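The values are calculated or read from the model by the stated rules, or taken from the named source; none is laboratory data. These numbers were taken from a predicted model, which means no experiment stands behind them. All Cβ positions, even for glycine, are placed from backbone atoms using ideal geometry, and neighbour counts span all protein chains on display.
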Amino acid sequence: MLILNNVQLYILNNVQNKPEQKAKSLARRTDHSREELYENALAAAQNIVETDGFRSLTARNVADAIGYSPGTLYNLFANLDEMILHLNGRTLDALHDRLNGGAIPETTEARLAQLLGGYLGFLAENPRLWNMLFEYSLPEGQTPPEWYGRKVERVLGLLGDALAPLFDANQDDARSDAARTLWAGLHGICSLSGSGKLQVVSSQSVRTMAEGLVANYVAGLRVNRGER
């Protein structure tokens, strides 16, 4: 009778399983198309940010989450900065879709109230993704690609469209500037709230302050048009 000790059994099992393990490893590398890997990587990156914050986002963490090596990620993105840009781009798309949903009210004030409600709701539901949009910055000397700028403009365009009745047809630049100014003001209020410092300047809620800002800004634009 053949009796194998523990060492011999271990060696025998490992030798027999190596071809199968290697085949599984190779199969894993071909299980997904480039498009699928891209989607999986961004989904994993989003989950990491939502769970632990964007400071915890690394190529290694994303690679581990999708079961591939970090080298695979660098076949999809030039570096971690590019991956973050793509994830932020998705957040901008999601914000746009949120703000662009539903019937559009007839009055400027009602449309702005609708946009504000959608914006504050999105921030409340996605605080860490929203924070990454503004806390993350590219390395010095680099600028966002054109496709990213178009996503930003698409979101700002919704606010500009809402303000359109307060400007003449030949005032596109002024309308765009007004939209950016109002957006920056709203962002300042939300940023103070997100950092827990809003109470330093006011005891009012985020929504109350934001609604007051919008109302007074629109009133000022109407005065500029000679309205009362």
From 146, 125, 135, 153, residue being of a type in the set (D, E, K, R), assigned by TED's automatic domain parsing to the domain that holds residue 214 and modelled with pLDDT under 95: 135
Determine the pairs where a residue that is in contact (Cβ under 8 Å) with a residue 40 or more places away in the chain, located within region 205-228, has a partner that is among the acidic types (Asp, Glu) with Cβ atoms under 9 Å apart, the partner being 6 or more residues away or on another chain. 214/109; 215/109; 218/109; 221/227; 225/168
So if I check each of 153, 146, 109, 135, which one is among the acidic types (Asp, Glu) and closer than 18 Å to residue 191 by Cβ? 135
Output the residues belonging to region 212-228 that are touching a Leu at 6+ places or on another chain (Cβ under 7 Å) and either assigned to a helix (DSSP H, G or I) or buried (at least 17 other Cβ atoms within 10 Å of the Cβ) (or both). 213, 214, 217, 218, 221, 222
Residue count, region 139-169 (criterion: part of a loop (DSSP other than H, G, I, E, B), free of Cβ contacts under 8 Å to residues at least 40 places away in the same chain and over 26 Å from residue 221 (Cα atoms)): 3
Any idea which residue in region 68-114 is farthest from the chain's Cα centre (by Cα), counting only those that are of a type in the set (Val, Ile, Thr) and surrounded by fewer than 16 Cβ atoms within 10 Å (Cβ to Cβ)? 107
Taking region 170-206 and the residues there that are at pLDDT 95 or above and of a type in the set (Lys, Arg), the one that is nearest to the chain's Cα centre (by Cα) would be 180
Members of region 165-211 that are crowded, with 17+ Cβ neighbours inside 10 Å, within 20 Å of residue 226 (Cβ to Cβ) and not aromatic (Phe, Trp, Tyr): 166, 175, 178
Residues within region 37-89 that are within 19 Å of residue 136 (Cβ to Cβ), outside any loop (DSSP other than H, G, I, E, B) and either of a type outside the set (Val, Ile, Thr) or modelled with pLDDT under 95 (or both), tallied: 25
Does residue 94 fit the bill of being assigned to a helix (DSSP H, G or I), without any contact (Cβ under 8 Å) to a residue 24 or more places away in the chain, among the hydrophobic types (A, V, I, L, M, F, W, C) and under 26 Å from residue 53 (Cβ atoms)? no
If you go through region 118-138 one residue at a time, do you hit one that is in contact with a helix residue (DSSP H, G or I) (Cβ under 6 Å, 6 or more places away or on another chain), free of Cβ contacts under 8 Å to residues at least 12 places away in the same chain, assigned to a helix (DSSP H, G or I) and not basic (Lys, Arg)? no
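For (1) among the acidic types (Asp, Glu); (2) touching an Asp or Glu at 6+ places or on another chain (Cβ under 7 Å); (3) over 24 Å from residue 91 (Cβ atoms), each residue gets a yes or a no:
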| position | (1), (2), (3) |
| --- | --- |
| 154 | no, no, no |
| 161 | yes, no, no |
| 165 | no, no, yes |
| 183 | no, no, no |
| 190 | no, no, no |
| 201 | no, no, yes |
| 218 | no, yes, yes |
| 221 | no, no, yes |
